[in-house]
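*Asks:* Structure incoming, see below.
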Amino acid sequence: MAGVAGFSYIGLSTQKLPDILNIRAKSKGLVFRFRPFELELRHVFTIATSSRKTTPVMLTEIEYDGVTGYGEASMPPYLGESHATAGAFLSKVDLSQFNNPFLMEEILDYVEQIEPGNYAAKASVDIALHDLTGKLMKQPWFRIWGLNPEKTPFTSFTIGIDKPDVVIKKVEEASPYRILKVKLGQNNDKEMIETIRSVSKTPLCVDINQGWKDRKMALDMIFWLKEQGVVFVEQPMPKTMVDDIAWLTQNSPLPVIADESVQTFNDVKKVVGVYSGINIKLMKCGGMRSDFKMVNTARALNMKVMIGCMTETSCAVSAAAQLSPMVDWADLDGNLLISNDIYDGVTVEGGKLILPERPGIGIVKKGK
Ligand code: MG
């Protein structure tokens, strides 16, 4: 009845079916490549816990049927990954066993279980696979996800902790942006804000990077920051001080956003009632598949969402930007902070993210 009878009804012999359904018979497996690269930063970048001039990244490619998808792992030292760890992890990734790139769940589940951690390295495979499948479908991922490219948010431009003359120069460079992200958490917070306010009225958000240790002082500072035109506060206190952060969020006149406190999908439910929202990043959670799940979960829990990045090329930044029509705030300036980007991708016009009308994650190699 069903089975053989059904096949004969639609006019297909059982012998022909494997040719239609099994791409394995037509093509060799996926080809995976990676190489280390060093990003040069335009300015020495200082946050509450560190300073640096370069960022190591791993550039990846997945090739199938003459089409290549690009990916990237960005590894600022405080996250614990490096060229050595990513190289060791990616050497274990054998994609030649997969003959169909559209089996994304199976492929990414396989990558996930190779070893725990290694989230940036995993993201570099995830991004390349999304780029590849989008190119094979000839569509950008924002369209595959059903998102409106006109609804991208303004992106913030980051001002690191620095001396007043350097801060003023950076603020002037950032004049096209409609929101500035200011790194605070050392001992010159008010000086940083007052310096910026001496030359700019642009709305600000602040990222403390766990730098404040006293909740009462933190709350006083947030009330002061609100008067200075700050719109939200990111990771004000150490992630271990859960009760203090919950108290701060409850009493804060501004939304309090989790960054270091939320790494992967499983962390989202842990911060309900502790923060007003979460900052998602491809390099923290392992890529676009996880970020998409995190946005939807946070929305279901009535939380705000911002999407951030590391210092990255336009590859990872453009991958993150595909999701940006779903979020409240974007902080996708990592490609603008480096001087040796090798891709063209998402751009910023009047402070707003512009998603390129290109398939996959929307990038091309510079000069091609
Ligand atoms: Mg942050």
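*Asks:* Can you confirm whether GLN210 is farther than 21 Å from LEU337 by Cα and touching a residue at least 60 places away in the same chain (Cβ under 8 Å)?
*Replies:* Values: farther than 21 Å from LEU337 by Cα: yes; touching a residue at least 60 places away in the same chain (Cβ under 8 Å): yes.
Yes.
Residues are listed down the side, and each one gets a yes or a no for (1) under 17 Å from ALA316 (Cα atoms); (2) in a helix (DSSP H, G or I):
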residue	(1), (2)
SER51	no, no
TYR70	yes, no
VAL93	no, no
GLU105	no, yes
GLU112	no, yes
GLY117	no, no
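*Asks:* Among ASN279, ASN296, ASN266, which is within 14 Å of the ligand (Cβ to nearest atom) and assigned by TED's automatic domain parsing to the domain that holds GLY334?
*Replies:* Numbers: ASN296 fails: within 14 Å of the ligand (Cβ to nearest atom); ASN266 fails: within 14 Å of the ligand (Cβ to nearest atom).
Testing whether each residue is within 14 Å of the ligand (Cβ to nearest atom) and assigned by TED's automatic domain parsing to the domain that holds GLY334 leaves just ASN279.
*Asks:* Now for a different question. Determine which member of the set SER290, SER261 is away from the ligand (no atom under 16 Å from the Cβ) and of a type in the set (Ser, Thr, Tyr). Please lay out each step first, then the result.
*Replies:* On the way: SER261 fails: away from the ligand (no atom under 16 Å from the Cβ).
It is SER290.
*Asks:* Among the residues of region 354-368, count how many are buried (at least 24 other Cβ atoms within 10 Å of the Cβ) and part of a strand (DSSP E or B).
*Replies:* 1
*Asks:* Of the numbered conditions (1) part of a loop (DSSP other than H, G, I, E, B); (2) under 29 Å from VAL67 (Cβ atoms), LEU132 fails exactly one; give the number of that condition.
*Replies:* With (1) part of a loop (DSSP other than H, G, I, E, B); (2) under 29 Å from VAL67 (Cβ atoms) applied to LEU132, the lone miss is (1).
*Asks:* Can you list residue pairs whose Cβ atoms sit under 6 Å apart, with the first residue in region 98-116 being in contact (Cβ under 8 Å) with a residue 24 or more places away in the chain and the second being surrounded by fewer than 15 Cβ atoms within 10 Å (Cβ to Cβ)? Count only pairs 6 or more apart in sequence or on different chains.
*Replies:* The qualifying pairs are ASN99/ARG24; ASN99/SER27; ILE114/LYS92.
*Asks:* All but one of (1) within 20 Å of the chain's Cα centre (by Cα); (2) surrounded by 16 or more Cβ atoms within 10 Å (Cβ to Cβ); (3) of a type outside the set (Val, Ile, Thr) hold for PHE98; which doesn't?
*Replies:* Going through the list (1) within 20 Å of the chain's Cα centre (by Cα); (2) surrounded by 16 or more Cβ atoms within 10 Å (Cβ to Cβ); (3) of a type outside the set (Val, Ile, Thr), PHE98 breaks only (1).
Quick grid of which residues meet (1) aromatic (Phe, Trp, Tyr); (2) touching a helix residue (DSSP H, G or I) at 6+ places or on another chain (Cβ under 6 Å):
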| site | (1), (2) |
| --- | --- |
| SER200 | no, yes |
| LYS213 | no, no |
| VAL242 | no, no |
| LEU254 | no, yes |
| TYR275 | yes, yes |
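*Asks:* Anything in region 326-343 that is open to solvent by less than 10 Å² (accessible area, probe 1.4 Å) and either of a type in the set (Ser, Thr, Tyr) or more than 16 Å from the ligand (Cβ to nearest atom) (or both)? List them, or say none.
*Replies:* ILE338, TYR343
*Asks:* Among the residues that make up region 235-244, is at least one of them within 15 Å of the ligand (Cβ to nearest atom) and touching a Leu at 6+ places or on another chain (Cβ under 9 Å)? It would help to see each step written out before you state the result.
*Replies:* Step one: of region 235-244, the residues within 15 Å of the ligand (Cβ to nearest atom) are 235-239.
Next, from what is left, pick out any that are touching a Leu at 6+ places or on another chain (Cβ under 9 Å): 236-237.
Yes, there is a match, as at least one residue in region 235-244 is within 15 Å of the ligand (Cβ to nearest atom) and touching a Leu at 6+ places or on another chain (Cβ under 9 Å).
The values are calculated or read from the model by the stated rules, or taken from the named source; none is laboratory data. The shown structure was predicted, so the numbers you read here are calculated from the model rather than taken from an experiment. Positions of Cβ are backbone-derived with ideal geometry, glycine not excepted, and every protein chain shown enters the neighbour counts. Surface areas here come from the heavy atoms of the whole protein model, side chains and all, with no ligands, DNA or RNA. Shrake-Rupley method; radii C 1.70, N 1.55, O 1.52, S 1.80 Å.
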